[in-house]
Amino acid sequence: MLKKMINKMNMYRQKIAFTTMLLLFIATSLSGCNDEITMRDLETRHGVTYLKGGRTPFNGMVKDYFDVDAEDKDSRKVYREGLYVNGLKSDKWITYKWDGGRIETPYKFGRKEGIEKTFFSTGGPKREQRFFDNRPNGNDIHFNRQKEITLTIFYRNGSPGAPPPDRKAEIKLEEEEALAIEKRNERLFGKRQKSWIEHALDVL
C-alpha cells in the first residue's frame with residue numbers, strides 16, 4: 001500500500017514540476033524579462049499574491065533586497081528570492097543573511113513542505129527541519145560548526161513529541177502522510193483516473 005501511495009505522490013510531483021516550469025516560462029515570456037519584480041510590487045489578497053492592482057494571481061520569480069532603495073542597483077545585496085505559481089510560493093525560496101548564512105525553504109501551494117535547511121556563513125549545515133503542510137513534522141536537527149549533531153527534536157503535526165519507537169511505527173506515519181498528500185492533491189486537482197496498467201496491477 002505504501003509503495004502505491006509513493007508512486008502516486010511521485011506522479012503528482014512530476015505534474016507539479018511540469019506545471020511550475022510551464023507557468024514560469026509563460027510568465028517570463030509575457031513580461032519580456034524587462035522588469036525585475038520585488039516584493040514591493042506585489043500585494044496579497046485572501047492568501048493569494050498579485051501584482052499591485054492586478055486581477056490574476058502572480059506567476060514568476062521575485063527578489064527582495066536589504067538595500068532596496070540603493071541608487072546603484074547593481075550593488076544591492078539580495079535578501080530573499082523565490083518563485084510564485086498561481087499567486088502561491090512554490091519550489092525553493094532562499095533567504096540570505098548579512099553574515100553569509102542562508103535559509104533554503106521548500107514550498108508547495110504556498111505552504112512549507114519538505115526539509116528547510118539553514119546554513120552557517122561557512123556553508124556548513126546549521127539546522128535541518130522537516131515540514132508538512134506548513135507545520136513541523138519529523139526531525140528538527142541542529143548542528144555545530146564542526147557539522148556534529150547537537151540536538152534533535154521530533155515533531156508530529158506541529159507539536160514536539162517522542163519519535164517512532166521502531167520502523168513499523170515509522171512506516172505507519174509515512175503512510176498517514178502519503179494519504180494526507182493524496183487527499184490534498186485530489187482536492188486541488190481532482191481525483192486522478194487510473195491507467196489501464198494500474199488496473200491490471202490491481203487485479204494481480
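Among the strands (runs of 3 or more DSSP E) contained in segment 1-98, which hold 1 or more residues that are modelled with pLDDT of 70 or more and touching a Pro at 6+ places or on another chain (Cβ under 6 Å)?
Passing ranges, in order: 48-51, 88-96.
Search segment 96-153 for residues being within 27 Å of residue 165 (Cβ to Cβ) and of a type in the set (Phe, Trp, Tyr), and hand back the single one that is surrounded by the most Cβ atoms within 10 Å (Cβ to Cβ).
Here the residue is 131.
For segment 109-132, indicate whether the set of residues that are aromatic (Phe, Trp, Tyr), closer than 30 Å to residue 49 by Cβ, in contact (Cβ under 8 Å) with a residue 40 or more places away in the chain and out of contact with any strand residue (DSSP E or B) (no Cβ under 7 Å at 6 or more places or on another chain) is non-empty.
Step one: of segment 109-132, the residues aromatic (Phe, Trp, Tyr) are 109, 119-120, 131-132.
Of the ones still in play, those that are also closer than 30 Å to residue 49 by Cβ are 109, 119, 131-132.
After this cut, where a residue has to be in contact (Cβ under 8 Å) with a residue 40 or more places away in the chain as well, the list is 109, 132.
Then keep just the ones that are out of contact with any strand residue (DSSP E or B) (no Cβ under 7 Å at 6 or more places or on another chain); that gives 132.
Looking for residues that are aromatic (Phe, Trp, Tyr), closer than 30 Å to residue 49 by Cβ, in contact (Cβ under 8 Å) with a residue 40 or more places away in the chain and out of contact with any strand residue (DSSP E or B) (no Cβ under 7 Å at 6 or more places or on another chain), one finds at least one in segment 109-132, hence yes.
Somewhere in segment 112-126, is a residue under 27 Å from residue 40 (Cβ atoms), among the polar types (S, T, N, Q) and in contact with a helix residue (DSSP H, G or I) (Cβ under 6 Å, 6 or more places away or on another chain)?
No, because not a single residue in segment 112-126 is under 27 Å from residue 40 (Cβ atoms), among the polar types (S, T, N, Q) and in contact with a helix residue (DSSP H, G or I) (Cβ under 6 Å, 6 or more places away or on another chain).
Please find, among 99, 133, 140, 166, the residue that is of a type in the set (D, E, K, R), at positive phi and out of contact with any His (no Cβ under 8 Å at 6 or more places or on another chain).
Numbers: 99 fails: at positive phi; 140 fails: at positive phi; 166 fails: at positive phi.
Going through 99, 133, 140, 166 in turn, the sole match is 133.
For segment 158-176, indicate whether the set of residues that are part of a strand (DSSP E or B) and at pLDDT below 90 is non-empty. Steps first, answer last, please.
At the first step, the residues of segment 158-176 found to be part of a strand (DSSP E or B) are 159-161.
Remaining after also requiring at pLDDT below 90: 161.
Checking segment 158-176: at least one residue is part of a strand (DSSP E or B) and at pLDDT below 90.
Would you confirm, using the coordinates I've provided, whether residue 150 is among the hydroxyl-bearing types (Ser, Thr, Tyr), assigned to a strand (DSSP E or B), modelled with pLDDT of 95 or more and within 23 Å of the chain's Cα centre (by Cα)?
No; evaluated as a whole, the condition is false for this residue.
Of the numbered conditions (1) loosely packed, with under 11 Cβ neighbours inside 10 Å; (2) at pLDDT below 80, residue 185 fails exactly one; give the number of that condition.
(1)
The values are calculated or read from the model by the stated rules, or taken from the named source; none is laboratory data. Keep in mind that this is a model prediction, so the values were computed, not measured. Cβ sites come from the backbone with ideal geometry, for glycine too, and all protein chains shown count toward neighbours.
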